[in-house]
């Protein structure tokens with residue numbers, strides 16, 4: 001069994017702690033949080049320990065094989081460093097770090113100790129996206145709308161690093177060519193950070209992605225549409241729904257548009273993410289979202305943020 005601890009059990013970390021006991025091959029041994037009450041609540045009903053200091057996980061009987069780092073972004077490197085230095089495997093939440101330099105340092109530490117370093121870009125584990133990825137070869141235009149109400153967390157970062165980064169990761173997983181142009185605009189509305197943003201990203205392949213992200217919308221929308229030659233693909237992240245439409249040639253007759261909804265076996269993306277992390281540790285294969293992926297997503301998010309200035 002992979003002995004796993006969750007460090008930071010606030011908004012997202014508490015869900016990691018809830019899910020770990022159901023992941024094959026994993027055992028939750030501790031939840032760590034500066035607020036002792038949160039740590040105790042996260043391990044309720046389990047045999048795991050509640051701790052307030054992550055350093056205890058590196059000592060004696062409390063040692064672990066892997067940790068999930070779900071603390072505020074600015075603390076990712078500080079918290080993950082001692083574990084990576086000792087070869088403890090790490091799943092770090094998105095954004096990977098507070099700067100490109102810190103993200104590269106995390107990757108270097110993992111490489112030096114041969115530790116698995118996975119990045120929590122959870123939308124990549126959405127079953128609708130996973131079903132769509134194999135058929136998306138050469139999209140020419142991608143349109144994304146990710147709109148939600150005002151949150152009670154992640155207000156230390158703007159909407160680009162909070163939620164748009166999910167889509168920046170996905171478009172780069174589909175189009176691996178260089179990003180050759182970024183235009184963006186962002187507006188602070190309810191906070192001092194940018195609360196609504198739009199980015200137009202151009203790839204060397206010629207593909208253009210238009211991405212809108214908001215955390216001040218009355219409506220909740222999480223959809224992406226892909227347009228490639230003879231094919232239209234639509235994904236609803238929230239509903240985990242996929243539609244695929246193709247142009248079919250018919251000799252002697254006009255082409256026909258055929259397709260529709262594709263059956264999807266729904267799943268909780270966080271559970272799929274944790275399962276992948278544990279399997280990567282046990283088999284020695286790379287995780288589905290690697291440190292390189294996390295660095296690329298953060299680098300593009302940084303370019304978007306800079307373009308907004």
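Points worth noting:
- Members of region 91-118 that are farther than 18 Å from residue 67 by Cα and touching a helix residue (DSSP H, G or I) at 6+ places or on another chain (Cβ under 7 Å): 98, 100, 102, 104
- Condition check for residue 277: part of a loop (DSSP other than H, G, I, E, B), under 16 Å from the mean Cα position of the chain (by Cα) and at pLDDT 95 or above: no
- Across region 212-224, the number of residues qualifying as assigned to a loop (DSSP other than H, G, I, E, B) and touching a helix residue (DSSP H, G or I) at 6+ places or on another chain (Cβ under 9 Å) comes to 2.
- Residue match in region 156-177 (condition: without any contact (Cβ under 8 Å) to a residue 40 or more places away in the chain and in contact with a helix residue (DSSP H, G or I) (Cβ under 7 Å, 6 or more places away or on another chain)): no
- Hey, residue 226 surrounded by 15 or more Cβ atoms within 10 Å (Cβ to Cβ), in contact (Cβ under 8 Å) with a residue 40 or more places away in the chain and either in contact with a strand residue (DSSP E or B) (Cβ under 6 Å, 6 or more places away or on another chain) or in the same structural domain as residue 186 (by TED's automatic domain parsing) (or both) or not: yes
- Matching residues in region 57-81 - criterion: being in contact with a strand residue (DSSP E or B) (Cβ under 8 Å, 6 or more places away or on another chain) and free of Cβ contacts under 8 Å to residues at least 60 places away in the same chain: 57, 62, 76, 80
- Among the residues listed as 250, 254, 246, the single one being out of contact with any strand residue (DSSP E or B) (no Cβ under 7 Å at 6 or more places or on another chain), surrounded by fewer than 20 Cβ atoms within 10 Å (Cβ to Cβ) and without any contact (Cβ under 8 Å) to a residue 40 or more places away in the chain: 254
Residues checked against (1) outside any loop (DSSP other than H, G, I, E, B); (2) surrounded by fewer than 19 Cβ atoms within 10 Å (Cβ to Cβ):
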site	(1), (2)
169	yes, no
189	no, yes
201	yes, no
210	yes, yes
267	no, yes
271	yes, yes
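The values are calculated or read from the model by the stated rules, or taken from the named source; none is laboratory data. Computed from a predicted model, the values in this text were never measured in an experiment. As a convention, Cβ positions derive from the backbone with ideal geometry for all residues, glycine included, and neighbour counts pool all protein chains shown.
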